[in-house]
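One structure coming up, written as structure tokens, with questions to follow.
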Amino acid sequence: SGDNLSVGMIVAKLDSAPSTKQKVYQRMFEHLGMGDHTVVANIIVTKMGNNLKYWPEEQDIVGRTLDLFHDMAGGYSSSKLLLTLETVRFLAMHHTEDHFPFLAIPGNVRHRTTFHATLTRLLLSPSGEEKLGLTFEQFLEPIVTVLGKLGSLSPAD
């Protein structure tokens, strides 16, 4: 019963009015002319996408960027917010080395896994497919294509 109470309290908190901390951030964003939290989150995610696109060989930058993306996708409220962002939709629809060259760097194997795991988490979250405009099967198409190419290689290749 204690567990049910805490879950109920959390859900009630999510549906309640903004906290003092949220109000402070909102005022700060407005004062800086940044817009609401959605605009700020989109700026952050766009920066993350640019890091992945323009710094493919900088493993520290790629790693820290993907850690932040993974952390944001792991939170209930933040993952719901991410699903509303056009930049996240772009990431989910274009998760190939053509758009994100870090995926082609052999040293980024773990980062590639984190990237795809984070996008999959968002896609498979409640209404993720609907909000991203992408089915799981469509998401897998580029990965299946790469696997097909790998499967057709001879052992000498």
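Testing GLU129 on (1) of a type in the set (Asp, Glu); (2) touching a helix residue (DSSP H, G or I) at 6+ places or on another chain (Cβ under 8 Å); (3) in a loop (DSSP other than H, G, I, E, B), one condition comes back false. Which one is that?
Failing condition for GLU129: (3).
Right, something else. For the subset of the stretch 92-150 comprising residues that are among the acidic types (Asp, Glu) and under 21 Å from ALA73 (Cα atoms), which member is most open to solvent (accessible area, probe 1.4 Å)?
At the first step, the residues of the stretch 92-150 found to be among the acidic types (Asp, Glu) are 97-98, 129-130, 137, 141.
Add one more test, that the residue is under 21 Å from ALA73 (Cα atoms), and what stays is 129-130, 137.
Details: GLU129: 74, GLU130: 149, GLU137: 123 Å².
Here the answer is GLU130.
Which members of the stretch 1-50 meet the condition of being modelled with pLDDT of 65 or more, of a type in the set (A, V, I, L, M) and either under 25 Å from the mean Cα position of the chain (by Cα) or part of a helix (DSSP H, G or I) (or both)?
Within the stretch 1-50, VAL24, MET28, MET34, VAL39, VAL40, ALA41, ILE43, ILE44, VAL45, MET48 meet the criteria.
Out of the residues in the stretch 36-88 that are aromatic (Phe, Trp, Tyr) and open to solvent by 40 Å² or more (accessible area, probe 1.4 Å), which is nearest to PRO106 (Cα to Cα)? Working first, answer last.
Narrowing the stretch 36-88 to residues aromatic (Phe, Trp, Tyr): 54-55, 69, 76.
Now restrict to residues that are open to solvent by 40 Å² or more (accessible area, probe 1.4 Å): 54-55, 76.
Working: TYR54: 16, TRP55: 14, TYR76: 32 Å.
Out of the qualifying residues, it is TRP55.
Now a separate question. Is it true that some residue in the stretch 55-67 is closer than 23 Å to SER125 by Cβ, free of Cβ contacts under 8 Å to residues at least 40 places away in the same chain and not in a helix (DSSP H, G or I)? Full working, then the answer.
Start the filter on the stretch 55-67 by keeping residues that are closer than 23 Å to SER125 by Cβ, which leaves 65-67.
Add one more test, that the residue is free of Cβ contacts under 8 Å to residues at least 40 places away in the same chain, and what stays is 65.
Okay, now just the ones that are also not in a helix (DSSP H, G or I), so none.
Checking the stretch 55-67: not a single residue is closer than 23 Å to SER125 by Cβ, free of Cβ contacts under 8 Å to residues at least 40 places away in the same chain and not in a helix (DSSP H, G or I).
Tell me which residues, restricted to the stretch 139-157, are part of a helix (DSSP H, G or I) and without any contact (Cβ under 8 Å) to a residue 24 or more places away in the chain. Give the derivation first.
Step one: of the stretch 139-157, the residues part of a helix (DSSP H, G or I) are 139-151.
The answer is LEU140, GLU141, VAL144, THR145, VAL146, LEU147, GLY148, LYS149, LEU150, GLY151.
Let me ask something else about it. I'm told ARG112 meets every condition in (1) of a type outside the set (A, V, I, L, M, F, W, C); (2) free of Cβ contacts under 8 Å to residues at least 12 places away in the same chain; (3) in contact with a helix residue (DSSP H, G or I) (Cβ under 7 Å, 6 or more places away or on another chain); (4) outside any helix (DSSP H, G or I) except one. Can you identify the failing condition by its number?
(4) is the only condition that ARG112 fails.
The rows are residues; the columns are (1) out of contact with any helix residue (DSSP H, G or I) (no Cβ under 6 Å at 6 or more places or on another chain); (2) modelled with pLDDT of 95 or more.
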site	(1), (2)
LYS53	yes, yes
PRO56	no, yes
LEU66	no, yes
GLY74	yes, no
SER77	yes, no
LEU81	no, no
GLU86	yes, no
HIS116	yes, yes
SER154	yes, no
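OK, next. Search the stretch 78-102 for residues being of a type in the set (D, E, K, R) and outside any loop (DSSP other than H, G, I, E, B), and hand back the single one that is nearest to SER127 (Cα to Cα). Step through it out loud before you land on a result.
If we filter the stretch 78-102 for residues that are of a type in the set (D, E, K, R), which is where we start, we get 80, 86, 89, 97-98.
From what's left, outside any loop (DSSP other than H, G, I, E, B): 80, 86, 89.
Details: LYS80: 9, GLU86: 15, ARG89: 13 Å.
Among those residues, the one meeting the criterion is LYS80.
Checking GLU30 against (1) within 25 Å of ILE105 (Cβ to Cβ); (2) out of contact with any Gly (no Cβ under 9 Å at 6 or more places or on another chain), only one condition comes out false. Which one?
(1)
The values are calculated or read from the model by the stated rules, or taken from the named source; none is laboratory data. The model shown is predicted, which means the values in this text are computed figures rather than measured ones. Please note: Cβ atoms are built from the backbone with ideal geometry, for glycine as well, and neighbour counts cover all protein chains shown. In case anyone asks, the SASA skips ligands and DNA or RNA and just uses the protein heavy atoms, side chains included. Shrake-Rupley method; radii C 1.70, N 1.55, O 1.52, S 1.80 Å.
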